[in-house]
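Visitor: Provided herewith is a single structure, encoded as structure tokens, for subsequent inquiry.
The values are calculated or read from the model by the stated rules, or taken from the named source; none is laboratory data. What you see is a predicted model; the values in this text were computed from it and never measured. Positions of Cβ are generated from backbone atoms using ideal geometry, with glycine treated the same way; all protein chains shown enter the neighbour counts.
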Amino acid sequence: MNNESFLDKLSKQIIANYNEELQNVIVVLPNKRAKVFLLDSLNKFTTKTMFAPQITSIEDLIQEISGIRVVDSIELLFEFYEVYLSITKKEAQQTFDVFSNWAKTLIQDFNEIDRYLLEPNHVFSYLKDIEALKRWDLEPSDTTELIDNHLDFWRKIPEYYTAFYDYLKNKKIGYQGLIYRESVNRIIDYSNNLGEKKLVFAGFNALNQAEEKIILHLMTNDNAQVYWDIDGFFINNYYHDAGLFIRKFKTQWKSYFSQSFEWISEDFQQEKRINIIGTPKTVGQAKIAGKIIEDLNAENKNNNKTAIVLGDENLLIPILYALPNSVDSLNITMGYSGKNNPAQLLINKLFKLHSSAIKRHASNYTFYYKEVLEILNHPLVEPYLGVSEVIQTIHNNNFTFFSSETLFRLKNEKYPNVENEYFDLLFSKWDGDVVEVLNKIATILLKVKKFLSDEEEQEKVSKSFIYAVYKVINKLINYCDTYKRINSLESLYEMYKQVIDVAEVSFEGEPLTGLQIMGVLESRVLDFDNVIITSVNEGKFPSGKTQNSFIPYDVKRELGLPTYKEKDAIYSYHFYHLLFRAKNVYILYNTDNEGIDAGEKSRFITQLEIEKQRNHTITHEIYNAVLPEKAYSIIRVPKSEKLLERLKEIATIKGFSPSSLTAYIRNPIQFYFQRVLRINEMEEVEENIAINTLGTIIHEALEALYKPYINKFLSFEDLEEMVSRIESVTLEQFKLVYKEGEIKKGKNLLAFEVAKRNIYNFLQLEKKAVNDGDAIKIISLEEKLSTIIEDEKLPYPVKISGNVDRIEIRNNAIRIIDYKTGKVEANTLKVINFDGLTTIVKNEKIIQLLCYALMFKEKEEFLNHSIVAGIISFKNMKAGFMPFGLGRGKDVINEINEGILNDFKAELVNLILRILDAETPFKETL
């Protein structure tokens, strides 16, 4: 099998043809990245020292011919805006933000028109007529200002084009299309001045009209040779897209009527092992790619001959994490989008934080807690700031909106002796001009860079990310200084988002050694023995029908501009080129057809299977995550000696509370986590008041209102006085319980009003009772009660303890009252008998009430009073006090006597025995 790479073949040819005159050769390649590989290849086939040929990319050659420098898309946008202002009446001029939305697309269309050497006025006239025809049935009197402005825009495009083209040409700068058009105009001069120099064009596929014209002119003048990289299978198959462009050149270029066409290889049909692997999600592909590399290393396959080609550049970071430790060197030869750069995400969050702060209240500069926490918890901030106590304070105190002064106060209170310049840079006000803001961001990036190590591989990658964003910020500083068109933080943020979209992260590496990780375009003219191609899904590889252009599809076809069909053909060539000389090919695709990164299997996979070559071994596997035999296993915790000791500690010292006993009935595992292990729910900011928080506030407010009247018979005037204090007391409790949370607006304001209304309704009920002659004396509020349960069945005496919301004497009877902010119905507090009382969850409120009664019975001073225990439900206020009852119908007993307490105690002992029993594990209840 001939496994000679295209560059090796090219090197031999160049040395054979030019040998002593290599310095007169200019090799033109599709991209810059292949240059180092070609030099290495040339070195393999020479034994003496000589000058290397000049190696350049097609873009650099075109710039050289035209004498015009290419500038980036954002600088072009600013330059176009200058032109736009100069030819547009002042009253019709748009702001830069509005202008940039349509100007970007228009520049792209200018670029295509020029690259394909079309007559601009013809194209623009075509577009104007199409827009006019859409409204052919409208009389002038029927048009609106919007329609007139729209048609006026299409009429002005030729003026925009001509003025912009001339303006850039005079400045000797331009977009790619302009440079191509000008290079065609100057190709004769360039060709005449070449002298002894010869050009070698190698590895090209699709060419635009300007490139065709330039190459054909140089070939005709005997200044150039062209070496194609195409397999006979594709060029001889009229219907195969991979050979679409080169097939056209072979049949249509007149030079090939007399010259031989080089080269048509037969590499694709050679022996290959092709593994097609489908797996769900992006991460699945990364894991499989890492496993393939590990297996290849185990087989002693040379990493220098292995490449991972990413159909979706977003897979880069997951791939890097998935690579095995056996990969000792790698080279990333691709531009990674600035959009997904961690440093960019930090700057984006800072823009969001500060622009929102200004919008809310420029003078007070108010932050939103989520935006602050996103920055404090960012991986480029959290390890180097060390302000975990500030984060905890924000959580604990329900800070939602707070000023920058408050944030700095919190930081200084928690860390009074710590100077933290980084914290100041992140959160100090952005109230200067835009250049000051950009300089502050640049300082932040330099600060982060200092924190990172030069030794750690992961931190080296982070430094590359930071440097990429730093370059973008410096560009923006230059743009703002030069053009003076950005004058607000909002406009700066919009421009930043546009600039970062086109920014790419470049990685350092040794291109000739180690594993190669590259994008699809970077793989041109390169060959590898082992190729792993990821994201081979429709919409990714090929990229789909999306196009950002004012020129409709049918017009593009009519004028000869490339459409998605040509784009698909380019992707087809790139895909099959990766397979030309490879021995082992791994094609990975996402099997998920739902979600953000979903998509069906690429047509290239199906085509490869249908057109299977005789020497190809193709396997197709679907890898799914390993699923457990059971979807979920119930948690069981056996009681060890240590666990039994902890239960004894609770039972004898702290005591079981009524709520903990009912928690066990509801779910023993919940009891185990919360009471035994003492694992509480994480404190988080309550942006909106939670139901349990609202309940706490109502309880606390009622306690504050009634406290002055303990051990005093309530009068109508007392209750009137309480009603007058509802607003102030409730507000005070909100501030105590909800701390720094916002209560003056939104859902929280509604919750505040609900709390007031509930308390008011309750006091109205009390006033009616007093008016009707009830004698009410509050004995205690939120009193802590306890009792010791002793029984021969128990291994030791057990303490029961808990807080009772309210105990009162009403008409000479003791009432034990539990407040509930949720809805409770009276029938849920009644039972016929105590059989199985402590095994049924719905009895939890009865168990709580009887526990309170059992504990209260210890108070000797109230032995002569009858006792009832019940609930007041704020969502069922009309029911009033709802007492516990034993029995059925008219025979229900509400008074809790000695017999009821003894029967309940027996049931309670059974419940405690289950909790303490060494043989009964804590078992989850689903």
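Visitor: Being farther than 30 Å from LEU39 by Cβ, among the hydrophobic types (A, V, I, L, M, F, W, C) and in contact (Cβ under 8 Å) with a residue 40 or more places away in the chain, is that true of even one residue in the range 497-518?
Guide: yes
Visitor: Select from the range 179-213 the residues that are touching a strand residue (DSSP E or B) at 6+ places or on another chain (Cβ under 9 Å) and among the aliphatic types (A, V, I, L, M) and list them in ascending order.
Guide: Matches in the range 179-213: ILE179, LEU194, LEU199, VAL200, ALA202.
Visitor: Now a separate question. Quick one: how many residues across the range 478-490 are surrounded by 17 or more Cβ atoms within 10 Å (Cβ to Cβ) and in a helix (DSSP H, G or I)?
Guide: Residues flagged as surrounded by 17 or more Cβ atoms within 10 Å (Cβ to Cβ) and in a helix (DSSP H, G or I) within the range 478-490 amount to 3.
Visitor: Let me ask something else about it. Of these, TRP154, TRP136, which one is among the hydrophobic types (A, V, I, L, M, F, W, C), surrounded by 17 or more Cβ atoms within 10 Å (Cβ to Cβ) and either in the same structural domain as GLY560 (by TED's automatic domain parsing) or modelled with pLDDT under 90 (or both)?
Guide: TRP154
Visitor: Among the residues that make up the range 51-71, is at least one of them modelled with pLDDT under 90, in a helix (DSSP H, G or I) and either under 25 Å from ASP481 (Cα atoms) or under 42 Å from the mean Cα position of the chain (by Cα) (or both)?
Guide: Looking for residues that are modelled with pLDDT under 90, in a helix (DSSP H, G or I) and either under 25 Å from ASP481 (Cα atoms) or under 42 Å from the mean Cα position of the chain (by Cα) (or both), one finds none in the range 51-71, hence no.
Visitor: Evaluate the range 42-59: report whether one residue or more is of a type in the set (A, V, I, L, M, F, W, C), in contact with a Pro (Cβ under 9 Å, 6 or more places away or on another chain) and closer than 16 Å to ASP527 by Cβ.
Guide: yes
Each row is one residue, and each column tells you yes or no for (1) of a type outside the set (A, V, I, L, M); (2) assigned by TED's automatic domain parsing to the domain that holds LEU380; (3) more than 27 Å from GLU405 (Cβ to Cβ).
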| site | (1), (2), (3) |
| --- | --- |
| GLU436 | yes, yes, no |
| ALA442 | no, yes, no |
| LEU492 | no, yes, no |
| VAL499 | no, yes, yes |
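Visitor: Can I ask one more? Pick from the range 530-550 the residues that are of a type in the set (Ser, Thr, Tyr) and at pLDDT 85 or above: which of them is surrounded by the most Cβ atoms within 10 Å (Cβ to Cβ)?
Guide: Out of the qualifying residues, it is THR534.
Visitor: Just checking, does the range 57-69 include any residue being of a type in the set (Lys, Arg), surrounded by fewer than 20 Cβ atoms within 10 Å (Cβ to Cβ) and out of contact with any Ser or Thr (no Cβ under 9 Å at 6 or more places or on another chain)?
Guide: yes
Visitor: Among the numbered criteria (1) more than 22 Å from LEU425 (Cα to Cα); (2) modelled with pLDDT of 85 or more; (3) not in a loop (DSSP other than H, G, I, E, B), which one does PRO324 miss?
Guide: The number of the failed condition is (3).
Visitor: On to the next question. Return the pair list, or none, for Cβ contacts closer than 6 Å from residues in the range 630-645 that are under 14 Å from PHE922 (Cβ atoms) to residues that are among the charged types (D, E, K, R) and surrounded by 10 or more Cβ atoms within 10 Å (Cβ to Cβ), at least 6 apart or on different chains.
Guide: Close Cβ pairs satisfying both conditions: ILE634/GLU924; ILE635/GLU924; ARG636/LYS923.
Visitor: Looking at the range 551-576, I want the residues that are surrounded by 16 or more Cβ atoms within 10 Å (Cβ to Cβ) and have a partner that is in a helix (DSSP H, G or I) and among the small types (Gly, Ala, Ser) with Cβ atoms under 6 Å, at least 6 apart or on another chain. Which pairs are those?
Guide: SER572/ALA242; TYR573/ALA242; TYR576/ALA242
Visitor: Inside the range 83-121, can you point out the residues that are in contact with a helix residue (DSSP H, G or I) (Cβ under 9 Å, 6 or more places away or on another chain), among the acidic types (Asp, Glu) and either loosely packed, with under 13 Cβ neighbours inside 10 Å or modelled with pLDDT under 90 (or both)?
Guide: ASP97, GLU119
Visitor: Would you check which residues across the range 374-412 are modelled with pLDDT of 85 or more and not in a helix (DSSP H, G or I) and list them?
Guide: Scanning the range 374-412 gives ASN377, HIS378, PRO379, LEU380, VAL381.
Visitor: Continuing with this model, one more query. Could you identify the single residue in THR652, THR617 that is in the same structural domain as THR279 (by TED's automatic domain parsing), surrounded by fewer than 18 Cβ atoms within 10 Å (Cβ to Cβ) and in contact (Cβ under 8 Å) with a residue 12 or more places away in the chain?
Guide: From the options THR652, THR617, the qualifying one is THR617.
Results for (1) surrounded by 13 or more Cβ atoms within 10 Å (Cβ to Cβ); (2) over 22 Å from ASN348 (Cα atoms), shown as yes or no for each residue.
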position: TYR368; (1), (2): yes, no
position: PRO379; (1), (2): no, no
position: TYR384; (1), (2): yes, no
position: SER388; (1), (2): no, yes
position: THR400; (1), (2): yes, no
position: SER404; (1), (2): yes, no
position: PHE408; (1), (2): yes, no
position: GLU413; (1), (2): no, yes
position: GLU419; (1), (2): no, yes
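Visitor: While we're here: Out of everything in the range 208-229 that is more than 49 Å from the chain's Cα centre (by Cα) and part of a helix (DSSP H, G or I), what residue ends up being surrounded by the most Cβ atoms within 10 Å (Cβ to Cβ)?
Guide: LEU218
Visitor: Condition first: of a type in the set (Ser, Thr, Tyr) and either under 23 Å from ILE235 (Cα atoms) or surrounded by fewer than 17 Cβ atoms within 10 Å (Cβ to Cβ) (or both). Now tell me which residues in the range 253-286 satisfy that.
Guide: Correct list: SER255, TYR256, SER258, SER260, SER265.
Visitor: I need every pair where a residue in the range 203-222 that is in contact (Cβ under 8 Å) with a residue 40 or more places away in the chain and not assigned by TED's automatic domain parsing to the domain that holds LYS567 has its Cβ under 7 Å from the Cβ of a residue that is hydroxyl-bearing (Ser, Thr, Tyr) and in a loop (DSSP other than H, G, I, E, B), sequence separation at least 6 or different chains.
Guide: Listed by first residue and then by second, the contacts come to ASN208/TYR116; GLN209/TYR116.
Visitor: Read through the list (1) surrounded by fewer than 17 Cβ atoms within 10 Å (Cβ to Cβ); (2) closer than 30 Å to ILE441 by Cβ; (3) of a type in the set (Lys, Arg), then give the number of the only condition that LYS349 fails.
Guide: So the condition that LYS349 fails would be (1).
Visitor: Going through the range 187-207 one residue at a time, which ones are surrounded by 15 or more Cβ atoms within 10 Å (Cβ to Cβ) and either of a type in the set (Asp, Glu) or assigned to a helix (DSSP H, G or I) (or both)?
Guide: ILE187, TYR190, SER191
Visitor: Going through the range 357-373 one residue at a time, which ones are in a helix (DSSP H, G or I) and either under 17 Å from LYS447 (Cβ atoms) or in contact with a strand residue (DSSP E or B) (Cβ under 6 Å, 6 or more places away or on another chain) (or both)?
Guide: ALA357, ARG360
Visitor: Okay, moving on. Pick out the one residue from LYS463, LYS429, LYS447 that is within 28 Å of the chain's Cα centre (by Cα), assigned to a loop (DSSP other than H, G, I, E, B) and either of a type in the set (Lys, Arg) or not assigned by TED's automatic domain parsing to the domain that holds ARG360 (or both).
Guide: The match here is LYS429.
Visitor: Give the residues of the range 758-810 that are exposed (fewer than 14 other Cβ atoms within 10 Å of the Cβ), more than 30 Å from ARG646 (Cβ to Cβ), out of contact with any strand residue (DSSP E or B) (no Cβ under 8 Å at 6 or more places or on another chain) and free of Cβ contacts under 8 Å to residues at least 60 places away in the same chain, sorted by residue number.
Guide: Matches in the range 758-810: GLN764, LYS768, ASN771, ASP772, GLY773.
Visitor: Right, next: Is it the case that some residue within the range 239-250 is part of a strand (DSSP E or B), in contact (Cβ under 8 Å) with a residue 40 or more places away in the chain and closer than 24 Å to THR619 by Cα?
Guide: So far as the range 239-250 goes, no, none of its residues is part of a strand (DSSP E or B), in contact (Cβ under 8 Å) with a residue 40 or more places away in the chain and closer than 24 Å to THR619 by Cα.
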